[in-house]
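Below is one structure, written out as structure tokens, with a few remarks after it.
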Amino acid sequence: MDSRTVALIRTTFKAVAAEEGGPERLARSFYAVLFTEHPQVRDFFPAALDAQRDRLVKAIAYTVDRLEEPNKLLPFLAQLGRDHRKYGVSAEHYVAVSKTLKTAMCAYAGTELWTDEVDRAWDEGLGVITQTMAGAAEQEDTPPYWTGTVIEHREVLRNLVVVRLKLDQPMQYAAGQYTSVQIPARPRMWRYLSPAIPANANAEIEFHIRSVTGGWVSPAMVGHTGVGDQWLLGSPLGGLGVPRNTRRKMLMVGCGTGIAPLRAQLMAMTRRRSNPKVHLFVGGHHPCDLYDLQTLSELAVANKWLTVTPVVETTENPWWYYDPGDHQPEYPGLEPRRVGQIGKVVAGCGPWKDHDVQIVGSPSMVQTTKFRLMAAGTPTKNIRHDPLF
């Protein structure tokens, strides 16, 4: 696509999204038209569409913002295409979705903004998207989804569990990637989780899951999962990872269960002959949120290229956490614990200008940490995180 085409697509989407309630109205219109004209696709979606509508708009925004970066956008779209095989999506479904999205956009943009040239631009843009996704799906020879049987469900905190599954066949994923997961109690409600261990020949996979207040799926994963339950897992997604033979120093920042993909990468790196220097900041609101310090301590002791700094916002644990006393366990190999907002702490420990940076956590934590690092002089191109949806 040329710059003119990209500008037209971006301008019309931004104009619709900037209106009060625009994103929500666009998503509602899209699904209303899609289910009316193509009722057979309704079975692909959950009964409650609130989260799905939000995810749709964020995915469109993410794509529109990267139309001029095909080296980043096309691999992302190809991954989505491979992942969407779990729904049974075919080429005709991509066509239906494209037409529906254009119809919804046209309705909200209005005749003054939606010119013939804009119409052609959206046709070209949607053509690239659908062809990339459908093409990747057709060429893929891995299963459309994996079945995993829960073999361990271990409570770490009142609202956080470690779940280990045995897959029906090994899944080849890069440490740092994530996958969509569906549990029996919440059919058609797929959620993204990052494996906390590297891919292995034993076909085992581990997730660290925190219950989100008011969430549809995570409370069921935490509170109602039992050994023997069968989960479905989609194709791996995401681009985090440390390339082999790199000499670039690494800065990793993870909060809460965001430590999982970073932990998996560190474990994978221990199998290599040489690694760059890595400084990991692991954060939580309370001390008990730093639930995996034992593993990180063992990694730091065994690998001199790794430095781990724990960060908490408060030194007090929540009222519900059972604390056997004032004695704090000692974790050899770790830096002294720091207190403060993790983005501020990390930025203040720099400079990180010559580091490749990975940030994993809630969307607000990722954005705050990213902005603080940029303000402290870290080039934007050096900072990576997965899409925030």
### Message
more than 23 Å from Q177 (Cβ to Cβ) and touching a residue at least 24 places away in the same chain (Cβ under 8 Å): which single residue out of V311, V282 fits that description?
### Response
V311
### Query
Somewhere in the range 310-331, is a residue in a helix (DSSP H, G or I), open to solvent by less than 80 Å² (accessible area, probe 1.4 Å) and within 22 Å of V161 (Cα to Cα)?
no
### Query
Among the numbered criteria (1) at pLDDT below 95; (2) closer than 29 Å to P243 by Cα, which single criterion is violated by A185?
(2)
### Query
All but one of (1) closer than 17 Å to G125 by Cβ; (2) open to solvent by less than 60 Å² (accessible area, probe 1.4 Å); (3) modelled with pLDDT of 90 or more hold for E69; which doesn't?
(2)
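Residue-by-condition table, conditions (1) assigned to a loop (DSSP other than H, G, I, E, B); (2) modelled with pLDDT under 95:
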| residue | (1), (2) |
| --- | --- |
| N202 | yes, no |
| H208 | no, no |
| M221 | no, no |
| V227 | yes, no |
| L232 | no, no |
| L240 | yes, yes |
| R244 | yes, yes |
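Any chance the range 126-135 includes a residue that's more than 30 Å from I9 (Cα to Cα), touching a residue at least 40 places away in the same chain (Cβ under 8 Å), polar (S, T, N, Q) and open to solvent by less than 60 Å² (accessible area, probe 1.4 Å)?
no
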### Residue count for the range 290-309, restricted to those that are in a loop (DSSP other than H, G, I, E, B), of a type in the set (D, E, K, R) and either out of contact with any Lys or Arg (no Cβ under 8 Å at 6 or more places or on another chain) or over 14 Å from I259 (Cβ atoms) (or both)
1
## Note on the structure
The condition of being open to solvent by 10 Å² or more (accessible area, probe 1.4 Å), in contact with a Pro (Cβ under 8 Å, 6 or more places away or on another chain) and either closer than 19 Å to R154 by Cβ or without any contact (Cβ under 8 Å) to a residue 40 or more places away in the chain (or both) holds, among S211, S218, only for S211
#### Entry: Residue under evaluation L299, criteria (1) touching a helix residue (DSSP H, G or I) at 6+ places or on another chain (Cβ under 6 Å); (2) surrounded by fewer than 22 Cβ atoms within 10 Å (Cβ to Cβ); (3) over 20 Å from G241 (Cβ atoms), criterion not met
(3)
### Summary
Of the residues in the range 154-170 that are touching an Asp or Glu at 6+ places or on another chain (Cβ under 9 Å), open to solvent by 40 Å² or more (accessible area, probe 1.4 Å) and touching a residue at least 40 places away in the same chain (Cβ under 8 Å), the one that is farthest from D292 (Cα to Cα) is R164
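Residue by residue, here is whether (1) under 27 Å from R191 (Cα atoms); (2) of a type in the set (S, T, Y); (3) open to solvent by less than 70 Å² (accessible area, probe 1.4 Å); (4) not in a helix (DSSP H, G or I) holds:
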site: V346; (1), (2), (3), (4): no, no, yes, no
site: G350; (1), (2), (3), (4): no, no, yes, yes
site: Q367; (1), (2), (3), (4): yes, no, yes, no
site: L373; (1), (2), (3), (4): no, no, yes, no
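Going by what's in this entry, would Q79 be described as touching a strand residue (DSSP E or B) at 6+ places or on another chain (Cβ under 7 Å) and either of a type outside the set (K, R) or under 15 Å from A59 (Cα atoms) (or both)?
When the stated conditions are applied, Q79 passes them.
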#### Entry: Options S180, S235; residue that is out of contact with any strand residue (DSSP E or B) (no Cβ under 6 Å at 6 or more places or on another chain) and crowded, with 18+ Cβ neighbours inside 10 Å
S235
### Query
Can P23 be described as closer than 29 Å to G239 by Cα and surrounded by fewer than 17 Cβ atoms within 10 Å (Cβ to Cβ)?
no
### Message
Looking for something among the small types (G, A, S), open to solvent by 10 Å² or more (accessible area, probe 1.4 Å), more than 14 Å from the chain's Cα centre (by Cα) and closer than 24 Å to G254 by Cα - is there at least one such residue anywhere in the range 195-203?
### Response
yes
#### Entry: Subset of the range 275-301 (residues that are of a type in the set (D, E, K, R) and farther than 17 Å from D323 by Cβ)
K277, D292, E298
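The values are calculated or read from the model by the stated rules, or taken from the named source; none is laboratory data. The structure displayed is predicted, hence computed values, not measured ones. So basically every Cβ, Gly included, is an ideal-geometry build from the backbone, and we count neighbours across all protein chains shown. Areas reflect the complete protein model, heavy atoms only, side chains present, ligands, DNA and RNA absent. Shrake-Rupley method; radii C 1.70, N 1.55, O 1.52, S 1.80 Å.
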